[in-house]
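Coordinate-derived values only; no laboratory data. Please read these numbers as outputs of a predicted model, since none were measured by experiment. Cβ placement follows ideal geometry from the backbone for every residue including glycine, while neighbour counts extend to all protein chains displayed.
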Amino acid sequence: MIKTGIDKISFYVPGTYLALDTLAEQHGIDPAKFAAGIGQSKIAVCNHDEDVVTMAAEAAAAILDIEDRAAIATVLFATETGIDQSTAASVYVHKKLDLPSRCRAVELKHACYSGTAALQLACGHVTRKPDRKVLVIASDVSRYDLDSPAEATQGAGAVAFLVSANPRLLEIEPVSGCYSEDIMDFWRPNYRKTPLVDGKYSTMKYLGALSAAWEDYADQGGRAFNELAQFCYHIPFTRMAIKAHKQLSHQNQAQNDPNLYEPGLRYNREVGNCYAASLYLSLVSMLETAEADLTGRPVGLFSYGSGAVAEFFAAVPQADYRAGLLTERHRGLLDDRRALSYDEYLGLWHAPDPQDGSATTMRQGARGRFRLAGIEDHKRQYEAV
């Protein structure tokens, strides 16, 4: 069988964030509620001229050279923060990255799971056409109602990865365990800008889906729990991943060792929830901050999307994988950000959203190359600066 997986990977986050200590002070609560209760310290906040397309283009541009662009046959854009009910966000990115016209460009949606659906589809495509590559992008903006219990779990970010045959970073193993169930734990009707969520119910369903997906993974011939050197989980907030690993350890009658998941929490703790990109931000965090050399040592990944679909699978870091990581760039993106005051945060939360299609010009605030310049005649106008 042809070895397929992730050849290159990168992420992008906006240049502004809200410290959760600031949010706690505004609401008159103990900051420990966020630090210890949900395990978060910051939430990334988009400027008005940033959205899922601009973040996606920034993340992808960092990993593509001329040869990569020529070999890309498909672009798969995973998001639940769609910008159009018809046109896929992938076609905007396709244009910004100057990709070949002989290319399919598709948007995928299922809450926070769609990045994994895109990855598995990409591996299948490369198996059929090993001389071609697939660009997968997961990009989302997590936004909840002001003063709601979920407000502290917002965030924004994009992760882009290039899927190829004989990948230099990670082989995605073919065995996976899946689980689906029709539930209403988190959803956003077309008429709402922010989602509806039943937090306690969603947590319960997440953990139940993890157990079921693991059982299917084991039944399909997956690796034993003690064969996996690290674990990465979908992270709506880092305490959720801690709960998940505790349960999975108990299910496998193993010791709950924080060293097996802590490297995968570090970046997410500083960014917040980025929905479809969340698991893959955790993956980058694990690869770039784990002290041990993971070459040839399989790592477990759990993907969950409310509604609900879940999948457990494994990936194997390849020889000299560290040489292909963009650790310095990523650390710079996280460190070189500006903290927002609460009033500044409110101003960005209330983003311009002309429902009648009236012309709107966006004030420049994005730190990257790509930005949303405005909306005119119901059309989004992007530019490179």
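For the pair Met184 and Asn259, label points projected 7 Å from Cα toward Cβ lie 4.7 nm apart. Here the Karplus relation 6.51 cos²θ - 1.76 cosθ + 1.60, evaluated at θ = phi - 60°, turns the backbone of segment 177-192 into coupling constants of x, 10, 7, 9, 7, 7, 9, 10, 9, 6, 7, 9, x, 4, 8, 10 Hz, with x for every Gly and Pro. A Cα-only calculation for segment 1-156 places Rg and Dmax at 18.1, 58 Å. Mind giving me the FRET efficiency for Ala319 and Leu196? R0 is 35 Å, r the Cβ-Cβ distance, nearest 0.05 is fine. With R0 = 35 Å, the Cβ-Cβ based efficiency is 0.15.
In units of the rule-of-thumb radius 2.2 N^0.38 Å, segment 259-313 shows an alpha carbon radius of gyration of 1.17.
Note on Leu346 and Lys33: with the Förster distance fixed at 22 Å, the Cβ-Cβ geometry gives a FRET efficiency of about 0.60. Its relative contact order, with pairs defined as Cα atoms under 8 Å and 6+ residues apart, puts segment 55-146 at 40 percent. Build a GNM of the chain with springs between Cα atoms under 10 Å apart, and of Leu162, Leu228, Leu265 the one that fluctuates most is Leu228. A viscosity of 1.306 mPa s and a temperature of 10 °C, combined with the Kirkwood radius over C-alpha pairs in the Stokes-Einstein formula, give segment 171-319 a diffusion coefficient of 102 µm²/s. With a Förster radius of 25 Å applied to the beta-carbon distance between Asn166 and Thr87, the computed FRET efficiency rounds to 0.15. Taken along the Cα-to-beta-carbon direction at a fixed 7 Å, the label points for Asp98 and Arg69 span 0.4 nm. Under 5 Å between amide hydrogens, built in the peptide plane, is the criterion, and for Ala156 it picks out Ala44, Ser142 among residues at least 5 positions away or on other chains.
In plain terms, the residue of Ile43, Ile172, Ile29 with the fewest other Cβ atoms within 10 Å comes first and the most crowded comes last, giving Ile29, Ile172, Ile43.
Computed from phi, the 3J(HN,Hα) profile of segment 223-235 under the Karplus parametrisation 6.51, -1.76, 1.60 (θ = phi - 60°) reads 6, 5, 3, 6, 7, 8, 7, 8, 10, 10, 10, 4, 10 Hz, with x in place of Gly and Pro. Shown here is the pair-distance distribution of segment 96-220: with all Cα-Cα distances grouped in 5 Å bins from zero up to the longest one, the shares run 2, 8, 14, 18, 18, 16, 12, 9, 4, 1, 0 percent.
Taking 0.36 nm per residue of separation and subtracting the current Cα-Cα distance, fully stretching the chain between Met204 and Glu25 would add 61.5 nm. The helix-based estimate of mean residue ellipticity at 222 nm for the chain, built from -39,500 (n - 2.57) per DSSP H run of four or more residues and divided by its residue count, is -9500 deg cm²/dmol to the nearest 500. The Rg/Rh ratio of segment 248-381, with both radii computed over alpha carbons and Rh defined as the Kirkwood radius, is 1.07.
Multiplying the residue separation of Leu146 and Ala384 by 0.36 nm and removing their Cα-Cα distance gives an extension gain of 82.5 nm.
Between Asp377 and Val175, the distance separating the two model label sites (each 7 Å from Cα on the Cα→Cβ line) works out to 5.6 nm. Note on segment 171-319: with charges restricted to the Cβ of Lys and Arg (+1) and Asp and Glu (-1), its dipole about the Cα centre is near 680 debye. For the chain, a Gaussian network of Cα nodes joined below 10 Å ranks Ala339, Ala111, Ala57 by mean-square fluctuation, and the top entry is Ala339.
Length available on full extension from Asp356 to Lys246: 0.36 nm per residue minus the Cα-Cα distance, which gives 34.7 nm. Within the chain, the longest run free of exposed loop sites, counting GluC sites (Glu not before Pro) that sit outside DSSP helix and strand states (H, G, I, E, B) and have at most 13 other Cβ atoms within 10 Å, spans 1-180.
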